[in-house]
Amino acid sequence: MAEDRWPTLSDPKAMRALAHPARLGILTRLQNEGAATATEMAEIVGITPSAASYHLRMLAKYGFVEDAPPRGDARERLWRARDRGVRVYTEPEDEPEVRAAKEALISTVRADAAQEVSRALDARDREPAEWREATLFHRATLLVDAEEMRLLGRRIEELLRPYLATERDRRTASAGARIAEAQINLFPRAERRRPGIPTEDHGRAAPE
């Protein structure tokens with residue numbers, strides 16, 4: 001699977017450093033589109049260049065980014081991602097500090113993913129017809145065992161791999177290619193708490 005080549009995060013300090021929307025946005029941009037300056041990152045994530053420089057230094061401190069070869073006259077400092085992706089997941093044996101750091105990072109990633117969906121929905125009517133027709137928002141309820149779900153996840157990853165922005169050679173992509181996003185969640189449903197049937201008191205005070 002593609003994720004086998006990605007490092008698994010376990011350092012709580014590194015995860016807490018990454019669990020920041022601006023830093024996550026910076027790292028994602030560098031992973032997907034290559035080297036950039038702090039000023040370019042500032043414009044993308046909506047912060048000042050000095051704040052972007054600070055966040056880049058913090059990402060570098062924990063090994064997420066590094067200096068990139070300079071452009072032209074080398075007057076600007078370029079940054080690049082050290083890895084094409086990282087992964088994090090909780091384990092039952094996690095120490096409390098590690099679990100808290102993982103959950104904070106996962107929460108930040110999920111919030112960012114939800115924002116991407118919201119932006120895509122808001123912009124859908126402004127997209128060209130071919131992109132509207134190619135867009136898919138889909139939710140399905142499955143009946144599977146654990147092995148079937150694991151194999152399904154592997155097949156999905158294998159289908160996505162040739163198109164990953166972090167993997168694909170841009171020289172082989174068509175002229176109309178652009179950054180798109182796939183959000184895949186496969187999980188066993190947790191039991192829902194049954195709220196019960198509400199009392200139809202129609203505003204009457206409940207008996208004491």
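The values are calculated or read from the model by the stated rules, or taken from the named source; none is laboratory data. Everything numeric here is computed off the predicted structure, so don't read it as measured data. Glycine also receives a Cβ, built like all others from the backbone with ideal geometry; neighbour counts cover every protein chain displayed. Ligands, DNA and RNA are excluded from the accessible area calculation, which covers all protein heavy atoms including side chains. Shrake-Rupley method; radii C 1.70, N 1.55, O 1.52, S 1.80 Å.
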Specify, per residue and in Å³, the volume enclosed by the convex hull of the alpha carbon atoms belonging to segment 103-161. 135
Classify segment 52-123 as rounded, prolate or oblate from the Cα gyration tensor: take a ≥ b ≥ c as the square roots of its eigenvalues, call it rounded if a/c is under 1.5, otherwise prolate when a/b beats b/c and oblate if not. oblate
Go ahead and set up a Gaussian network model of the chain, Cα springs under 10 Å, then flag whichever of R119, R71, R193 fluctuates most. R193
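Evaluate the charge dipole of the chain about its Cα centre and quote only its size in Debye, nearest 20, assuming +1 on the Cβ of each Lys and Arg and -1 on the Cβ of each Asp and Glu. It would help to have the intermediate numbers written out before the result.
Numbers: 35 positive and 36 negative charges, 102 e Å.
Computed charge dipole of the chain: roughly 500 debye.
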Expressed as a whole percent, how much of the Cα-Cα distance distribution for segment 8-73 exceeds 13 Å? 61
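Quick check on segment 81-207: what are the equivalent-ellipsoid semi-axes from the Cα gyration tensor, as sqrt(5λ), descending, whole Å?
Working: eigenvalues 258, 120, 61 Å².
Those come to 36, 25, 17 Å.
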Per residue, how much accessible area does the chain show when a 1.4 Å probe rolls over the protein heavy atoms, in square angstrom? 74
Roughly how many Å is it from the Cα centre of segment 123-148 to that of segment 1-59, as a whole number? 27
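For S107 and R192 in the same chain, what is the full-extension length gain: residue separation times 0.36 nm, less their Cα-Cα distance, in nm? Intermediate values should be presented prior to the final figure.
Working: separation 85, 0.36 × 85 = 30.60 nm, distance 2.04 nm.
Going from the current span to full extension adds 28.6 nm.
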Need one number for segment 1-134: average projected area of the convex hull over its C-alpha atoms, nm². 10.6
